[in-house]
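Notes follow once the structure below has been shown.
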Amino acid sequence: MSHRILKSVWIRLARLDYYANVSSLVPVPNSGNRILMYHSIGGGSYDDISPGRFRGQIEQLTRKYAVVDLPDVMEETTETSVALTFDDGTIDFFETVRPILHEFEVPATVFVTIDSIGDEEFRQDEWFDYEYMSDDQLVELVDDEYVTVGNHSKSHRKLDRVPADELADEIVASKIELEELLGVDVTRFCYPEGEYSPAAVDLVRDTHRFAVAGLNEIRVGPESDPCLLPRINGAGEPKQLRWEFTDFSAFLAKTIFDLQNGYR
């Protein structure tokens, strides 16, 4: 089944569950924890949502779940844990997201593309003219108890399309450059646009402790691969986000993922 068809079916299931609450009628195991993915909060860039909507989400998350740092989301817990991640390192993270994190005292990881730092001409795609955080702002984040800076590659190329002899520049050189700027070890990686090749994953595994990808199994726990952690889109349609927090959706996503990858 194609990705487009699966996505269409998934959205229909989310809407059905919103009105019929089918997921509550299906006996499946507890699905564990989640990682939320964001890009732009009031910055007008990709997948942008308003600061008010984001603040409302965080308020609801802190009432219902434990909002934890990224590594902690892999631990077995009695209550569902949620980790927050932000891609690209746009300036709205510093100006808008950071104050909300402090307001609710919750941690987050922001992934930075090295070539965007200090280069006003840098464009990671043709659709948006992003404004990125400066080197001074990134250095300031190092001392922020609620923020961890991660590596988002050198130039934001899709790593499944990068030749093998160029992967080290995108993954390792960017990590070294970011560490030299920040003066700390950078142990977290985010695959640009969630895409990767086996060679890219191997290199990330050799140089980082954790890495986040796109949507696959939804749920996160002790059994998850720390260098292929799945995420759900916090900026997506509210009905879909509600659906992806259900145990049944996680069970269904894992089943589909396993079938596609020949595990069953």
Residue-averaged 222 nm ellipticity for the chain, from DSSP H runs of 4+ at -39500 (n - 2.57), nearest 500: -10000 deg cm²/dmol
Pairwise centroid distance, computed over Cα atoms, of the stretch 163-208 with the stretch 98-143, Å: 17 Å
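With charges set only on the Cβ (+1 for Lys and Arg, -1 for Asp and Glu), what does the dipole of the chain come to about its Cα centre, in debye to the nearest 20?
Using only the charged Cβ atoms, the result is roughly 1840 debye.
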Packing-based ranking, highest mean first, of 230-240, 86-96 given that Cβ atoms within 10 Å are counted: 86-96, 230-240
Amide H within-cut-off set for ASN233, under 5 Å, with H built and near neighbours excluded: MET37
Of every Cα-Cα pair in the stretch 21-93, the percent that sits beyond 21 Å: 40 percent
For the stretch 151-168, 3J(HN,Hα) per residue [Karplus equation, 6.51 cos²θ - 1.76 cosθ + 1.60, θ = phi - 60°, Hz, x = Gly/Pro]: 8, 10, 5, 7, 10, 6, 7, 5, 6, 6, 10, 7, x, 4, 6, 10, 5, 4
Protection proxy ranking, peptides 115-125, 245-255, average beta carbon neighbours within 10 Å, highest first: 245-255, 115-125
DSSP beta bridge pairing in the stretch 36-233, given as percent antiparallel to the nearest 5: 5 percent
At 0.692 mPa s and 37 °C, Stokes D of the chain from Kirkwood alpha-carbon radius, µm² per second: 173 µm²/s
Charge dipole of the chain about the Cα centre (unit charges at C-beta), most positive-ward option of GLY234, TYR146, TRP127: GLY234
Karplus-derived 3J(HN,Hα), 6.51/-1.76/1.60, for each residue of the stretch 11-17, Hz, glycine and proline x: 5, 5, 5, 4, 5, 4, 5
Residues of type lysines that LYS254 reaches as a straight line, Cα spacing below 29 Å, ignoring anything fewer than 8 places off in the same chain: LYS7, LYS64, LYS158, LYS239
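What ranking do GLU193, GLU103 get, fewest neighbouring Cβ atoms within 10 angstrom at the top?
The order, fewest Cβ neighbours first, is GLU103, GLU193.
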Amide H contacts under 5 Å for LEU228, placed H, 5+ residues apart: ALA211
Stokes-Einstein translational diffusion, the stretch 98-238 - Kirkwood Rh over all Cα pairs, 1.002 mPa s, 20 °C, in µm²/s: 135 µm²/s
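We did not get these values from a lab; they are worked out from the coordinates using the rules stated. Computed from a predicted model, the values in this text were never measured in an experiment. Every residue, glycine among them, receives a Cβ derived from its backbone with ideal geometry; neighbour counts consider all protein chains shown.
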